[in-house]
1. Provide the per-residue ³J(HN,Hα) series for the range 86-93, in order, calculated from phi with Karplus coefficients 6.51, -1.76, 1.60 and θ = phi - 60°, each as a whole number of Hz, with x at glycine and proline positions.
2. For residue 20 and residue 105, calculate 0.36 nm times their separation in residues minus their Cα-Cα distance, and state this gained length in nm to one decimal.
3. With both bridge residues required to lie in the chain, what share of the DSSP beta bridges run antiparallel, to the nearest 5%?
4. FRET efficiency for residue 121 and residue 11, Cβ-Cβ distance as r, R0 = 30 Å, nearest 0.05?
5. Return the sequence-ordered ³J(HN,Hα) values of the range 121-133 in whole Hz as given by the Karplus equation 6.51 cos²θ - 1.76 cosθ + 1.60 applied to θ = phi - 60°, using x for Gly and Pro.
6. Using each residue's phi in the range 43-60, evaluate 6.51 cos²θ - 1.76 cosθ + 1.60 at θ = phi - 60° and report the 3J(HN,Hα) Karplus result to the nearest Hz, with x for Gly and Pro.
7. Computed from the mean reciprocal separation of all distinct C-alpha pairs, what Kirkwood hydrodynamic radius does the range 59-113 have, in Å?
8. Per q in 0.11, 0.14, 0.24, 0.25 Å⁻¹, report the Debye log10 I(q)/I(0) for the range 43-139, using one uniform scatterer on each alpha carbon and no solvent.
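The values are calculated or read from the model by the stated rules, or taken from the named source; none is laboratory data. Please read all numbers here as calculations on a predicted model, not as lab measurements. Here the Cβ positions follow ideal geometry from the backbone for every residue, glycine too, while neighbour counts run over all protein chains shown. SASA here: full protein model, heavy atoms, side chains in, ligands and nucleic acids out. Shrake-Rupley method; radii C 1.70, N 1.55, O 1.52, S 1.80 Å.
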Amino acid sequence: MVVRGPKSHENCLLCGEKNRLGLNLKFEVDKEGMVAATVDTGIVHQGYAGILHGGFITSILDCAMCHALFSLGVEAVTGDMKVSFFKEIPCGSRLLVSAVVVDDRGPLYKTEAWVSLAGENYARATARFVKRKVGVELV
């Protein structure tokens, strides 16, 4: 089943359906509650010559964890995140980004995510998310 974010998220740079300049990532959830999406990368996501930028990798990990929460009907924002990089990822790679909620004590949620290439993990993140106060306008 495809996991859709709330209306407030439809212009997201990574997954927003209405952001024509974004990646338009589509996350699916399995019966164990893990979400996953494929990510096609290119030179525009480069850091050092030929490898993906760490900030880009961090962003897709964050997006996956957010979708793990969306699959539970939770809107939350990242409180903190720790990312570990195991190997450089070449530009032009087709990645799999996966995430799961590991602790649900709303309004605080703990999540984990992985970026893999050809079945091998290249990066991992853990994060804590805080439930959003829906309807509060940020100025």
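1. Calculated HN-Hα couplings, in order: 9, 8, 5, 10, x, 4, x, 7 Hz.
2. So the extension gain works out to 27.1 nm.
3. Counting DSSP beta bridges with both partners in the chain, the antiparallel share is about 100 percent.
4. 0.50
5. Per residue, the Karplus-derived 3J(HN,Hα) values read 6, 10, 7, 9, 9, 10, 8, 10, 10, 10, 4, 6, 8 Hz.
6. 4, 5, 9, 6, x, 5, 3, x, 10, 5, 6, x, x, 5, 4, 4, 5, 6
7. By the Kirkwood definition, the hydrodynamic radius is 12.3 Å.
8. Treating every Cα as an identical point scatterer, log10 I(q)/I(0) equals -0.35, -0.54, -1.15, -1.21.
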